[in-house]
């Protein structure tokens, strides 16, 4: 299952608590209620989208877009299934450093933690491609 995990660093002006509330508001304002799973496949005007092109995965939503290089096995799984499982948690990951690879055990520990999962919006995002 190809999945994407989004999170805040919790380093905003108001600290971790303000970051948590800001992420919660962002999610709910974009149809991603915390604690629920949304299937965006049947919702063409859904405000969150996933573009997979040139080895990259790009998630777009109002006020936010995130792009990352995806490994070949992730790209193959996304192409085969036609969607990815997107988890956007309100729980800040304060030890993560942008642009720095995360150790597999650190990712498993954070992503598998109950507080990470219950404090998150979950969404099946269809894979979109550029049209030529």
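Bear in mind these aren't lab numbers, they're just calculated from the coordinates by the rules spelled out. Keep in mind that what you see is a predicted model, and the values were worked out from it rather than measured. All Cβ positions, glycine included, derive from the backbone under ideal geometry; neighbour counts span all protein chains shown.
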Original post:
Which angle between 0 and 90 degrees, to the nearest 10, do you get for helix 72-81 versus the longest principal axis of the chain when only C-alpha atoms count?
Top reply: 70 degrees
Original post:
When DSSP beta bridges are limited to those with both residues in the chain, what percentage is antiparallel, rounded to the nearest 5?
Top reply: 65 percent
Original post:
With each label point set 7 Å from Cα along the Cα-Cβ vector, what nm distance links residue 21 and residue 94?
Top reply: 1.8 nm
Subject >> Simple label model, 7 Å out from Cα along Cβ direction - residue 115 to residue 60, nm >> reply: 3.5 nm
Original post:
In percent, what relative contact order does the range 15-77 have, based on Cα pairs under 8 Å that are 6 or more apart in sequence?
Top reply: 19 percent
Original post:
Ranking 61, 1 by Cβ neighbours within 10 Å, fewest first, what do you get?
Top reply: 1, 61
**OP:** Could you work out how far helix 15-29 tilts from the main Cα principal axis of the chain, as a 0 to 90 degree angle to the nearest 10?
**Re:** 40 degrees
Original post:
Remind me, relative contact order of the chain in percent, using alpha carbon pairs under 8 angstrom and six or more residues apart?
Top reply: 39 percent
**OP:** Once you have the Cα-Cα distance between residue 103 and residue 43, take 0.36 nm times their residue separation minus that, and quote the gain in nm to one decimal.
**Re:** 18.1 nm
Subject >> Whole-percent pair-distance distribution, where bins are 10 Å wide, for the alpha carbons of the chain >> reply: 12, 43, 37, 8, 0
